[in-house]
Each structure stands twice: as structure tokens, then as C-alpha cells.
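The values are calculated or read from the model by the stated rules, or taken from the named source; none is laboratory data. Values in this document were obtained by computation on a predicted structure and should not be read as measured data. Using ideal geometry, Cβ is built from the backbone for each residue, glycine included, and neighbour counts are taken over all protein chains shown. Remember, those area values only see protein heavy atoms, side chains included, never the ligands or the DNA or RNA. Shrake-Rupley method; radii C 1.70, N 1.55, O 1.52, S 1.80 Å.
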Amino acid sequence: RWYIEIGIAQADLIADAYKTNKDLRAIAGLYTETCQLVVRADSDIQTLDDLSGHTVSIGAKESGTERNATQILEFAGMPSSLVATKNLDYIEATKELKAGDIDAFFCTAGLTTTVIDEISKECDIRLIPLTDMVISKMLESSSAYTSEVIPAGTYTGQAADISTIGVKSVTNHKRLMYLRIQLSQLTSLLFEKEKELSYSNSLKLELTYDFATGDIPIPFHDGAKKYYSSCGYNVN
């Protein structure tokens with residue numbers, strides 16, 4: 001049973017969900033979620049290889065972060081026998097990192113991520129870059145992934161750019177589900193109210209037509225198609 005009418009999810013998760021539920025439909029790509037690996041600044045962890053023998057939060061169970069973190073560890077040659085993993089949400093992870101109960105945590109979210117921004121002001125942290133090999137393997141594993149850079153200065157004390165991967169965050173809807181607003185109207189509002197939406201949260205929305213409609217792994221809803229068509233964009 002469905003309890004929500006519209007959701008936002010990572011493109012890689014949507015692609016998998018569509019394999020078993022062909023009624024899922026896309027509305028728009030909103031922003032890029034960036035995979036971030038955070039350690040304390042005084043940690044001896046400098047690279048992915050250094051995670052061996054440490055305790056790492058890989059995100060909440062069955063989350064997009066867990067999926068990404070598990071793949072990254074696998075591609076880095078870090079099986080569970082070498083890394084102790086914990087399933088913590090972001091709030092729990094930041095608390096345990098500050099307390100020294102974990103050594104690192106993964107977070108896949110839009111920049112600038114509030115919980116990381118807050119902990120960077122309370123506790124000196126560092127971000128660990130992904131290696132070129134791991135980035136390459138992630139890109140090969142799914143067309144939903146993109147190569148990304150977390151710019152220097154994104155967080156307090158971050159002096160250097162950080163190489164990582166990203167995945168598009170997509171609004172989606174179940175095709176056969178009743179909705180109280182026309183999807184063409186809703187899609188229009190996303191673009192018309194972009195500034196208001198951006199001001200209301202810390203996410204950097206990327207509501208251009210090319211980003212919203214490009215590399216979406218599931219079909220678009222007919223209502224969204226109608227709106228894009230009226231703007232001169234034909235989508236599947």
C-alpha cells in the first residue's frame with residue numbers, strides 16, 4: 001500500500017525499483033546528491049585504504065547511503081572482514097563521530113549537507129576523497145552515477161577539493177495513483193518557485209530543463225511530459 005503521493009529518491013534506487021514496479025514515473029531531476037566520507041581531523045584515516053580496522057557508519061539500513069557506501073567499500077577492496085560497519089542515520093553518525101564511537105561515516109546528500117556543516121563547526125573534520133579507480137568502477141556500475149568534486153571551502157576547515165561521485169535526486173510519482181493536483185501544474189510550480197524552494201532549505205537545486213530531464217532512468221509522467229512539451233522539451 002502507498003502512503004505518500006510523491007517522493008524524492010536517488011536515481012540509482014529509482015532504477016532498481018522500476019524493475020519490479022513499472023508504474024513509477026518521473027517528474028523532474030532536482031539536484032545532485034554527493035557521496036561524502038567524513039572523519040575527525042585528528043584521525044589517522046587519510047585514504048580509503050586506511051579504513052581497514054576501523055568502525056564506519058554506512059548510513060541507515062536500506063538507505064541510498066548504505067547502497068553507495070557498500071559499493072565503495074567493495075570496490076576499494078574493503079570487505080566486512082576488514083571494516084566494522086554500523087547502520088546509523090546522519091544525526092546518530094555525527095554524534096558517534098564526535099564521541100569517538102565510530103571512526104568515519106558516509107553520507108550521500110545534497111551540498112551543503114546541514115549535518116556535516118554543523119559538525120564541521122563543532123568538531124574539526126576532514127573529508128576523504130575517493131580514488132580514481134573507485135570512481136571509475138562506480139561509474140561503470142551504474143549510469144546513474146556522475147563524477148563530482150566537493151569544492152574547497154564547502155565546510156569549515158576544508159582546504160582542498162574532494163573527488164567523489166554523485167547521483168541525481170529525482171521527484172517521482174506512482175502512475176496509477178490519484179493526485180490532488182495536476183502533474184503538469186506541479187511540474188510548472190517546481191520551476192516557477194525554484195528560488196523560494198532554494199531559500200527554504202540548504203539544497204542547491206539545479207532546475208534547468210536539461211538537468212531536470214536528462215539521464216532519468218524511468219519514464220516521465222504524462223503530466224510532466226505535457227509541461228516539458230509546452231516548453232519545447234520532448235521527453236520519454
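Of all accessible surface on the chain at a 1.4 Å probe, what whole percent is carbon and sulfur? Summing carbon and sulfur atoms, their accessible area is 49 percent of the total for the chain. When the GluC sites (Glu not before Pro) in region 27-128 are filtered for DSSP coil states and for at most 12 other beta-carbon atoms within 10 Å of their beta-carbon, the remaining sites are 62. Considering only 72, 10, 24, the residue lying farthest towards the positive end of the dipole of region 1-88 is 24, judged by Cα position with unit charges set on Cβ. Normalising the average separation of contacting C-alpha pairs (under 8 angstrom, six or more residues apart) by the number of residues puts the relative contact order of the chain at 33 percent. Restricting region 1-52 to trypsin sites (Lys or Arg not before Pro) that sit in a DSSP loop and have at most 14 other Cβ atoms within 10 Å of their own Cβ leaves 1, 22. Scanning the chain for chymotrypsin sites (Phe, Trp or Tyr not before Pro) that sit in a DSSP loop and have at most 12 other Cβ atoms within 10 Å, the longest stretch containing none of them is 4-177.
Lys and Arg at +1, Asp and Glu at -1: add these up for the other residues within a Cβ distance under 15 Å of residue 191 and post the number.
Charge balance near residue 191 sits at -1.
In the context of the full set of protein chains, the chain has a per residue accessible area of 50 Å² (1.4 Å probe). Checking every one of the trypsin sites (Lys or Arg not before Pro) in region 48-123 against DSSP loop status and a limit of 11 other Cβ atoms within 10 Å picks out 61.
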